[in-house]
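Inspection log for the structure reproduced underneath, given as structure tokens.
Taken together, the values in this text are just the output of simple stated rules run on the coordinates, not laboratory data. The shown structure was predicted, so the numbers you read here are calculated from the model rather than taken from an experiment. Positions of Cβ are backbone-derived with ideal geometry, glycine not excepted, and every protein chain shown enters the neighbour counts.
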Amino acid sequence: MTDVFVPGLVAVIVFYVAILAIGIWAAWKKRKQPGEDDHWNEFSMVGRRDIGVFVGTFTMTASLVGGVYINGIAEFTYTPGFGLIWLQAWFGFVFVLVIGGIFYAKKMREKGYATMLDPLQRKLGNKMGALLYIPAFMGDLFWTASVLIALGGTLSVVIGLDLVIAIIISAFIAVLYTLLGGLYSVAYTDVVQISFIFVGLWIATGFAFANPAVTDIRTTGPGGWYGSFTEDTIGSWIDTLLLFLCGSIPWQVYFQRVLSAESPRKAQIVSCFSAVVAFILGIPPMLIGAIAASTDWNTTAYEGDPLENGQGSIILPIVLRYLTPPAVAVVGLAAVAAAVMSSIDSSVLSASSMFTRNVYKLVLRPKASNREITWVMRIMIILIGVIAAVIACLVQSVYVLWYLSIDFVYTILFPQLTCVLYLDINIYGSLPAYFLAAILRLGGSDFYFDYPPFIYYPGALNFPIKTFSMLISAITLIVVSYLARFLFVRGYIPEKYDFLKANLAHGGRSIELREDTDSHSDEKKGEVNPGFNDMAEGTQM
């Protein structure tokens, strides 16, 4: 470990204490009212569904704008062969908030769901919903680990703090205030964290521009920070763009904000406003990447060239450390720390919420008491935080693992969630579509994953494997679902052969919240959705 920059360490400690204090304050401010004690699990997931537009916009933006988002934009802008034009994650995350607001937010919020998996379990059965939890869980877990590594690398470069210590402390603080206040602690700390990101990165960018080692970024030569692609890579470019556009929708961290909004209309507004904020927050790291590509590193205190030293992935903290004054570097560090913390708490709460409700309650222990569910929720928050921290300490290629996870969110979850909201699908189409998508995606390799493929697609790396797998999965899901319904309804297949218990001959299963006058009473501000446990009473797969 290098010598620790004491002022920076003190600033980080003060920042962490402030975030923890705000999280505890939010938990106290929105503490449970009499009668809510037995519903801590849902209270922690969606609160009282009273998150307004201001707080909602900040917390939804924070759920996507994390350490990987900020560091990744800077890295790809700086890296030769990629550049601005390859920032599909930035453009994708911005547009996905608009798409989600228009086509998904209102439908989900109107039904009063508590998690993203609720509509899937209504149509497909509890066990199929639990199976669909696997790619969602892996995405949250590896995303959390990857942002912990992003923060650890930043703290190591800027103030010389040991990587493992940084990861453990960051995970501990985020898990603690999430455990105390659930959604409310996460939402209110997100407001502060996004403010730090905005102010800190813009200040750092201005000082980095003024460094004499930086040339005019507009004069960077061909193949510089703005990037390019050829006919050989355009297929991969489109494939990756669609991956981030569609693969970023089926995430509980997004729908948790949608489902906690005051109304369906406000859920849509929050999603669209968040797109604007997310775009603005992507500009500073993009400029920092351009600055790094336009810097004569031989005239700085940095030894060598970041690319030649294999440190392109941490170019943002390197710019903070070597192209800005120490005090400004600390401000930028606080911005990165804020981005990381805002992602950790969201992902931990997301994964634990879905497991508690959609796996434990609806599949493993349908008759579990509210008290038992409450403790399972708390244990999962701690367990997922610990596992993510361990992965971050032991594995240095977490970004690739997270990329694989978003692959499966895109190829498996996206068509399932979209079709369940807009079409009359069933488990007979869902099950083969699930495994077919996994096989088709794993069968081919690309430049992110270096393993021998067992399916050889035409065009090698230029073939859009991810989109192809998703489309085949979607077609299979729709065709087989409607074919199965036709055969059962017309009597070509006797009802006794309905071995998956889809009840297609009589209109299909429905295990959602009971459609009575109380099922949407969460629209009344201050009430917890009374139908939280009702899905467990429906037909089991």
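Quick one: length gained pulling I455 to L471 fully straight, 0.36 nm per residue minus the C-alpha distance?
Working: separation 16, 0.36 × 16 = 5.76 nm, distance 1.66 nm.
Result: 4.1 nm gained on full extension.
For the range 462-503, rounded, prolate or oblate, judged on the Cα gyration tensor with a ≥ b ≥ c (square roots of eigenvalues), a/c < 1.5 rounded, else prolate if a/b > b/c? Here the range 462-503 falls in the prolate category. Rounded to the nearest 0.05, the FRET efficiency derived from the C-beta distance between N211 and L394 at R0 = 41 Å is 0.70. Calculated FRET efficiency, V17 and V386, Cβ-Cβ r, R0 30 Å, to nearest 0.05? The formula returns an efficiency of 0.85 here. Using a cutoff of 8 angstrom between alpha carbon atoms and counting only pairs six or more residues apart, the relative contact order for the range 227-334 works out to 14 percent. Fully extending the segment from F91 to F229 would add 48.0 nm, taking 0.36 nm per residue of separation and subtracting the current Cα-Cα distance.
Between F435 and K367, what FRET efficiency comes out of the Förster formula 1/(1 + (r/R0)^6) with R0 = 41 Å and r the beta carbon distance, rounded to 0.05? Efficiency for this residue pair is about 0.85. Among 256-266, 270-280, sorting by the average number of other beta carbon atoms lying within 10 angstrom of each residue, highest first, gives 256-266, 270-280.
Sequence-ordered 3J(HN,Hα) estimates for the range 408-419 from the Karplus curve with 6.51, -1.76 and 1.60 and θ = phi - 60° stand at 6, 4, 6, 6, 9, 6, 4, x, 5, 5, 4, 5 Hz, glycine and proline given as x.
Pairs over the 28 Å Cα-Cα cut-off, from the set K123/K361; K106/K496; K361/K501; K127/K496; K466/K501: K106/K496; K466/K501. Any idea what the dipole of the range 298-367 comes to, in debye rounded to 20, about its Cα centre with Lys/Arg Cβ at +1 and Asp/Glu Cβ at -1? Here the size comes out at about 840 debye. Highest mean packing first, where packing is the average number of other Cβ atoms within 10 Å per residue, the peptides 116-129, 190-203, 94-107, 485-498 line up as 116-129, 190-203, 94-107, 485-498. Based on the alpha-carbon gyration tensor of the range 299-354 and its eigenvalue square roots a ≥ b ≥ c, which shape applies: rounded if a/c is under 1.5, prolate if not and a/b is larger than b/c, or oblate? Note, shape of the range 299-354 comes out oblate. In this Cβ point-charge picture (+1 for Lys and Arg, -1 for Asp and Glu), the range 68-183 has a dipole of about 680 debye about its Cα centre. Length gained on full extension, H506 to L9, computed as 0.36 nm times the residue gap minus the Cα-Cα distance: 172.4 nm.
Highest mean packing first, where packing is the average number of other Cβ atoms within 10 Å per residue, the peptides 298-311, 406-419 line up as 406-419, 298-311.
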